[in-house]
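A short write-up of the structure that comes next.
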Amino acid sequence: MTTIVRAATDSSTMLRRNLLRMVRYPSMTLMLVGMPIVFLLLFVYVFGATLGAGIGAGGSGTDGRTAYLGYVVPGILLMTVAAAANGTAVTVSMDMTQGLIARFKTMPIARVAVLTGHVVGNVVQSLIGVAVVLGVALLLGYRPAAGPLGWLGATGLLALIAFAMTWLSVALGLVAKNVESASNLPMPLTFLPFLGSGFVPTDSLPVGLAWFAEHQPFTPMIEGVRGLLSGTPVGSAGWLAVGWSVLISALGYLWARRLYDRRTG
Amino acid sequence: MTEQSDPAIVTVGLRKAYGEHVVLDDADLRVPAGSVYALLGPNGAGKTTTVNILSTLVAADAGTATVAGHDVARDPDAVRAAIGVTGQFSAVDHLLTGRENLRLMADLHHLGRARGRERVEELLERFGLTEAAARPAATYSGGMGRRLDLAMTLIGTPRVIFLDEPTTGLDPRSRREVWRFVRELVRGGVTIFLTTQYLDEADQLADRVGVLDDGRLVAEGTPDELKRLVPGGHVRLRFADADGLEAAARALAGSTRDDQALSLQVPADGSLASLRDLLARLDAAAAEVQDLSVHAPDLDDVFLALTDRSASRKAPPA
Ligand SMILES: Nc1ncnc2c1ncn2[C@@H]1O[C@H](COP(=O)(O)OP(=O)(O)O)[C@@H](O)[C@H]1O
Ligand SMILES: [Mg+2]
């Protein structure tokens, strides 16, 4: 078996394991989509009318709320992806503390397979989460204007972002000393949409924060998804989002590989 | 086990330190193929570190190690293809069932669908897990978890098997079960490297024993050879009163008395002649013995003697 074929075979075996775990333990997936859904309801029903008026999209009251729903969904979707990645850090850390990673390391399997199994499994889980959250948003009256191409693009971009977040989270799961710190380390990812254009436009933020919001990776990611779903021009945000994702994937991958391959015990 | 056959494990000058703390110091090991080697030592002696180095998990700081003919540092993949490892703590996926855990291992060993299934059922049967096979591993008892762990290790039919404290924390019955599996494996021709804190376990299972104390291999040999390292066994005498103890202690030079327990420990090799001699001397001293027991030297004595010696060697001069 060539190295590539072996890596692919072993990765798909590991992927099967992770999907099986997902089926066996559905409460994990539910928990991961629970938080974004709570935020969605909170922001739409509690703050929606006011914020909708604030972003100047349509009048106040119900109109404002519907307009704000259209604005906030991309940020909530990013939050969903980040929460799922957070779950991966926990799973990887559990594999470490339960000795499974050590067991895999002493077996003649492709080194990368353990990690790719987690990553691909989590991308699948993220997309399921995204679908569930989108379903709730549609029930609330979310009506994106995107055509098939827009949906395809948004799905692809979200998958790429999930891929990037997951590689980073796998590394965080490997570097964490215990499961608890593995669940805390990626937490900032879940809240970065707040410090970007996820909930309010960046120009409404105080100067320092606005600068950060405009330059952090989540803002172009959110803008890219928002553009694709609303059928408006994506502009440079799309390429920036792809660029950030590729960069984060590469750094996360290299870091995770390095942590996995170290033999210091 | 022939002299010509290549040894399964050879290490030369193996050394590992974490910071200033030397946890394995200049270890030379040689394990003939098809034999059982037990690394015996208390907690923190460096047993797991040794297993980790030999199973390619951890790199040594110095020295070389060859397992199944392959250098662990230069050709770890070849080593991994030849070994099976059961770690000190059971490493199974708790969310998956016993059968799913084994299938995962079969797939990772590229056994193929039909062969994999066959092997999984065979191992479930052999380890008495067929009935529990469809239950999540999280519901298994300690002994069952250990058995699943062992079965997972055997899926790839390894030639060299590492068992790190395979019976620690098990009840006596499960412990005997593990011993039985080890003996079966040896009959099948594999080499077993196990670690243990239990002297009787090494005595029961091992062809050769290495005594590890604080990172140093303080003794090595067959269980019998090790037992010969200590002066011999002893006879323990108990007395009804202090007078009896006093009289006997005076008559038996070289004995150790315990006034609290009213007992006396007399060095003896356990032979009939030495016992007869002892009884004669007790009679002559008119010492009334209440109770007598003969203790053959066991690995406990070896262990204490050796580790005491190494402890005093390290101790700063008073
Ligand atoms: N990763 C590590 N970092 C620092 N010290 C370690 C590490 N692993 C083991 N040790 C130390 O090395 C010594 C030997 O440990 P170990 O090989 O696990 O002993 P044993 O298995 O015989 O109980 C212990 O003192 C332990 O604290
Ligand atoms: Mg240990």
Quiz item: Could you list, in sequence order, the residues of region B:126-137 that are part of a helix (DSSP H, G or I) and modelled with pLDDT of 95 or more?
Solution: B:Ala137
Quiz item: Within region B:89-98, is there a residue that is within 16 Å of ligand 2 (Cβ to nearest atom) and within 19 Å of the chain's Cα centre (by Cα)?
Solution: yes
Quiz item: Can B:Arg115 be described as part of a helix (DSSP H, G or I) and either touching a residue at least 12 places away in the same chain (Cβ under 8 Å) or away from ligand 2 (no atom under 16 Å from the Cβ) (or both)?
Solution: yes
Quiz item: So which residues in region B:32-84 are in a helix (DSSP H, G or I) and away from ligand 2 (no atom under 16 Å from the Cβ)?
Solution: B:Pro76, B:Asp77, B:Ala78, B:Val79, B:Arg80, B:Ala81, B:Ala82
Quiz item: What number of residues within region A:9-30 are touching a residue at least 40 places away in the same chain (Cβ under 8 Å) and away from every other protein chain (no Cβ under 12 Å)?
Solution: 1
Quiz item: Which helices (runs of 4 or more DSSP H) sit wholly inside region A:174-240 and have at least 3 residues that are among the polar types (S, T, N, Q)?
Solution: A:179-184
Quiz item: B:Phe162: closer than 30 Å to B:His110 by Cβ, out of contact with any Gly (no Cβ under 6 Å at 6 or more places or on another chain) and in a helix (DSSP H, G or I), yes or no?
Solution: no
Quiz item: Within region B:38-47, is there a residue that is facing chain A (nearest Cβ under 9 Å) and either within 23 Å of B:Val190 (Cα to Cα) or touching a strand residue (DSSP E or B) at 6+ places or on another chain (Cβ under 9 Å) (or both)?
Solution: no
Self-check item: Residues that are more than 8 Å from ligand 1 (Cβ to nearest atom), farther than 15 Å from B:Val79 by Cβ and surrounded by fewer than 22 Cβ atoms within 10 Å (Cβ to Cβ), drawn from region B:32-68
Solution: B:Pro32, B:Gly34, B:Ser35, B:Asp61, B:Ala62, B:Gly63
Quiz item: In region B:61-81, how many are more than 22 Å from the chain's Cα centre (by Cα) and aliphatic (A, V, I, L, M)?
Solution: 6
Quiz item: Checking A:Gly99 against (1) in contact with a Phe, Trp or Tyr (Cβ under 6 Å, 6 or more places away or on another chain); (2) buried (at least 22 other Cβ atoms within 10 Å of the Cβ); (3) free of Cβ contacts under 8 Å to residues at least 60 places away in the same chain, which test does it fail?
Solution: (2)
Practice problem: Within region B:182-197, identify whether any single residue is modelled with pLDDT of 90 or more and among the aromatic types (Phe, Trp, Tyr), and answer yes or no. | Solution: yes
Quiz prompt | Residue among A:Val136, A:Val119, A:Val124, A:Val130 that alone is surrounded by fewer than 22 Cβ atoms within 10 Å (Cβ to Cβ), in contact with a helix residue (DSSP H, G or I) (Cβ under 6 Å, 6 or more places away or on another chain), assigned to a helix (DSSP H, G or I) and away from chain B (no Cβ under 14 Å) | solution = A:Val136
Quiz item: When you scan region B:93-102, how many residues do you find that are touching a residue at least 12 places away in the same chain (Cβ under 8 Å), at the interface with another protein chain (Cβ under 9 Å from one of its Cβ atoms) and closer than 24 Å to A:Arg6 by Cβ?
Solution: 2
Quiz item: If you take the residues in region A:153-174 that are farther than 16 Å from A:Leu115 by Cα and of a type outside the set (Val, Ile, Thr), which one is surrounded by the fewest Cβ atoms within 10 Å (Cβ to Cβ)?
Solution: A:Gly156
Exercise. Tell me which residues, restricted to region B:49-66, are more than 10 Å from chain A (Cβ to nearest Cβ) and of a type in the set (Ser, Thr, Tyr).
Key: B:Thr50, B:Thr64, B:Thr66
Quiz item: Exactly one of (1) more than 10 Å from chain A (Cβ to nearest Cβ); (2) closer than 24 Å to B:Gly188 by Cα; (3) surrounded by 16 or more Cβ atoms within 10 Å (Cβ to Cβ) is unmet by B:Ala81. Its number?
Solution: (1)
Quiz item: Which ones in region B:191-215 are within 16 Å of ligand 2 (Cβ to nearest atom) and buried (at least 19 other Cβ atoms within 10 Å of the Cβ)?
Solution: B:Phe193, B:Leu194, B:Thr195, B:Thr196, B:Glu201, B:Ala202, B:Gly210, B:Val211, B:Leu212, B:Asp213, B:Gly215
Exercise. Residues being of a type in the set (A, V, I, L, M) and more than 14 Å from B:Lys227 (Cα to Cα): count how many of those fall in region B:200-215.
Key: 2
Quiz item: Only one residue in B:Thr97, B:Thr86, B:Thr168 is at pLDDT below 95 and farther than 13 Å from A:Arg103 by Cβ, so which one is that?
Solution: B:Thr168
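The values are calculated or read from the model by the stated rules, or taken from the named source; none is laboratory data. Note that the coordinates shown come from a computational prediction; the quantities given were computed from them, not determined experimentally. Note that each Cβ is placed from the backbone with ideal geometry, even for glycine, and that neighbours are counted across all protein chains shown.
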